Amino acid sequence: MNHSLPLPIGVEIRAEMTPEFATILTPQALGFIAKLARKFEGRRRELMATRARRQAELDTGKLPDFLQETKHIRETEWTVAPAPRDLLDRRVEITGPTDRKLVINALNSGANVFMADFEDSNTPTWLAQVGLLASSKSAMKPLAPELSALITSLRSVGPVISTRRSS
């Protein structure tokens, strides 16, 4: 497809590109993605081949087990940094899809935490994935000063990964 968006060399978008999508897929963002793809494509292909081999083993009845090469990690003492103060109180938490209306409702709900679910509650089509990013950006725009302060706060303690817990 022909797009008016300037694309990095070797990058082609073969799907609908709306003006809203162009706010997400900026030339800088596409350039970053292109660099990542060029740097890691070989490794990605290796990992996908390993995954296919592993699936074939499992299909023959081999049981899953821990990797031998990570045994030393499991057998040593280790800890992680404490969670940032902003993530300690998770008594009221919402996890949901990133549809624009639902994100706005979640942000206005009074919940202490909202986790946007780009995975389980989403059909991973082009329109859904890029549309969800655009919706999230739009819904959070009024919160820009607060988000900026939170991001600065989180940077001071390092990366934070929030995982789902089973009930």
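To the nearest 0.05, what FRET efficiency results for E41 and E77 with a Förster distance of 45 Å applied to their C-beta separation?
Numbers: r = 37 Å, r/R0 = 0.83.
Efficiency computed from Cβ-Cβ geometry: 0.75.
Just flag the GluC sites (Glu not before Pro) in region 1-71 sitting in loop per DSSP whose Cβ has no more than 12 other Cβ atoms within 10 Å. If you can, show how the numbers build up before the last one.
Details: sites: E12, E16, E20, E41, E46, E57, E69; in loops: E12, E16.
The qualifying sites are E12, E16.
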Open item on the list: What do you get for chymotrypsin sites (Phe, Trp or Tyr not before Pro) in region 64-137 restricted to DSSP loop and a cutoff of at most 10 other Cβ within 10 Å of the site's Cβ?
Closed with: F66, W78
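Coordinate-derived values only; no laboratory data. Everything numeric in this text was worked out from a predicted model, so none of it was measured. No Cβ is skipped: glycine too gets one built from the backbone with ideal geometry, and neighbour counts run over all protein chains shown.
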